[in-house]
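These notes concern the structure reproduced below.
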Amino acid sequence: AGTPAAAATERVGSIGDIPLIDRLDVADLPGAATQRFWFRAADTVLGQPWMVPVIVVKGASRGPRMLITAGIDGDELNGIDIIHRLAETTDPATLSGTLVLVPGLNTPGLLQSTREFTPDYSRASPNLNRSMPGNEERGGVERYAGRLWNRLLRPNADQAVDLHTQSRGTAYPMYVFASTPRARAMAELVAPDIIKLDPGVKGSVETEMVNDGVPAITLELGTPEAFNAEMIGRGVAGITNLMRDMRMIAGKPVAAAVQPFTGNKLAVVSAPRAGWARLLVPLGSAVAKDQIVATMQDGFGRVTDTLVAPLAGRISSSFTDPRRDKGDTIVRIIFLSDDPKCDAGC
């Protein structure tokens, strides 16, 4: 079990029929019930609260606490519908343990459909998923992140899945970042197309959870600013399989029909000049060294460049907006490096 909450759930009011809380401790909530809360993450400069929705599905039997979060990047939405569906379909009467579901961590970013934390007019908006565990004693993103971390996320997690998509103009297949052996096992249970062994990024939910002893993965699901039914369905199925492995629900984990491609390093193919890009290989497909992956065209449709894969691997992300500036990413290719330094990811 993870570190318990420093204090019990603190209720400070309500919005309609939904309680408003300053702190969550699922240990003091009744079992065999689903409850919904607004969590006060911080205050705006007008002294009004930024509120984050929280759903707690607490089982009739004791068991682990699985934290599932989405929307920490405000234009990445598929995970929100995954959480909504899990809340709808999980029966607390037959659940062992607790689902702690947070469908929308970055309230200001979601309001403006921006990846960043955008609570005001700042032209240098920070990334909330690089700001954990934050600091409650400071202002801005540090306070917002600190309250999320200390009062909601970390005290209620024994394992964690942070749901994402690619950001505007780009796309992922179903893709997992994993930094430890347990995280890799979690990734395989979720059954993505690709697993990236990765040392993690300082300040992200996944990395800071792992650093604090909580097994965690980042699960990427397609494209931003939309609900994609196929990705959402696969995400729900994958997390359900993970719940079986954690003995939160009945049944044995199901092995993936197709084993995901596992790599530990990325090669980037970039636009050599501005223009219109045309992708010639599908996202997620295998490519050989020197295989043509895309072309660049000028404003008249004339091909200016033919872009090739620098090595063999899989297309792990690609553009969706064909307007590319010089240096913009065309595709990323994931591969398995035999460099010992990359065993756990580079």
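Considering only the stretch 143-159, I want to know if a residue exists there that is in contact (Cβ under 8 Å) with a residue 12 or more places away in the chain and part of a loop (DSSP other than H, G, I, E, B).
There is at least one residue in the stretch 143-159 that is in contact (Cβ under 8 Å) with a residue 12 or more places away in the chain and part of a loop (DSSP other than H, G, I, E, B).
Just for the stretch 194-203: of the residues that are open to solvent by less than 10 Å² (accessible area, probe 1.4 Å) and β-branched (V, I, T), which one is nearest to W149 (Cα to Cα)?
I195
Are any residues in the stretch 219-275 more than 19 Å from the chain's Cα centre (by Cα), closer than 25 Å to T98 by Cα and either exposed (fewer than 13 other Cβ atoms within 10 Å of the Cβ) or of a type in the set (S, T, Y) (or both), and if so, which ones?
Selection gives A250, G251, K252, A255.
Can you tell which of G327, G345 is touching a Phe, Trp or Tyr at 6+ places or on another chain (Cβ under 9 Å), in contact (Cβ under 8 Å) with a residue 12 or more places away in the chain and outside any strand (DSSP E or B)?
G345
Please list, ordered by first then second residue, the pairs with beta carbon atoms under 7 Å, 6 or more apart or interchain, first in the stretch 246-274 and closer than 20 Å to R182 by Cα and of a type outside the set (S, T, N, Q), second at pLDDT below 95 and open to solvent by 60 Å² or more (accessible area, probe 1.4 Å).
From the stretch 246-274, the pairs are K265/C346.
Within the group A183, A191, A187, which residue is open to solvent by 10 Å² or more (accessible area, probe 1.4 Å) and either touching a strand residue (DSSP E or B) at 6+ places or on another chain (Cβ under 6 Å) or among the small types (G, A, S) (or both)?
Only one candidate qualifies: A191.
Of the residues G233, G238, only one is without any contact (Cβ under 8 Å) to a residue 12 or more places away in the chain and closer than 21 Å to V57 by Cβ; which?
Being without any contact (Cβ under 8 Å) to a residue 12 or more places away in the chain and closer than 21 Å to V57 by Cβ holds for just one of G233, G238, which is G233.
So which of P103, P108 is closer than 19 Å to P155 by Cα and of a type outside the set (A, V, I, L, M)?
Among P103, P108, only P103 is closer than 19 Å to P155 by Cα and of a type outside the set (A, V, I, L, M).
Scan the stretch 293-320 for residues that are open to solvent by 60 Å² or more (accessible area, probe 1.4 Å), part of a strand (DSSP E or B) and in contact (Cβ under 8 Å) with a residue 40 or more places away in the chain and report the count.
So the answer is 1.
State all residues of the stretch 139-168 that are open to solvent by 40 Å² or more (accessible area, probe 1.4 Å) and either polar (S, T, N, Q) or at pLDDT 95 or above (or both); if no residue qualifies, say none.
Hits for the stretch 139-168 are E142, R143, N150.
If a residue counts only when it is modelled with pLDDT of 95 or more, farther than 21 Å from S316 by Cβ and not hydroxyl-bearing (S, T, Y), which helices (runs of 4 or more DSSP H) contained entirely in the stretch 176-286 have at least 3 such residues?
Qualifying helices (runs of 4 or more DSSP H): 205-211, 229-245.
Is it true that R323 is open to solvent by 60 Å² or more (accessible area, probe 1.4 Å) and either in contact with a Lys or Arg (Cβ under 6 Å, 6 or more places away or on another chain) or over 19 Å from T170 (Cβ atoms) (or both)?
Judged against the criteria, R323 is not a match.
The values are calculated or read from the model by the stated rules, or taken from the named source; none is laboratory data. Predicted model, so just to flag it, every value in this text is computed and none were measured. Positions of Cβ are backbone-derived with ideal geometry, glycine not excepted, and every protein chain shown enters the neighbour counts. Each accessible area value is taken on the protein alone, full model and side chains, heavy atoms only, with ligands, DNA and RNA left out. Shrake-Rupley method; radii C 1.70, N 1.55, O 1.52, S 1.80 Å.
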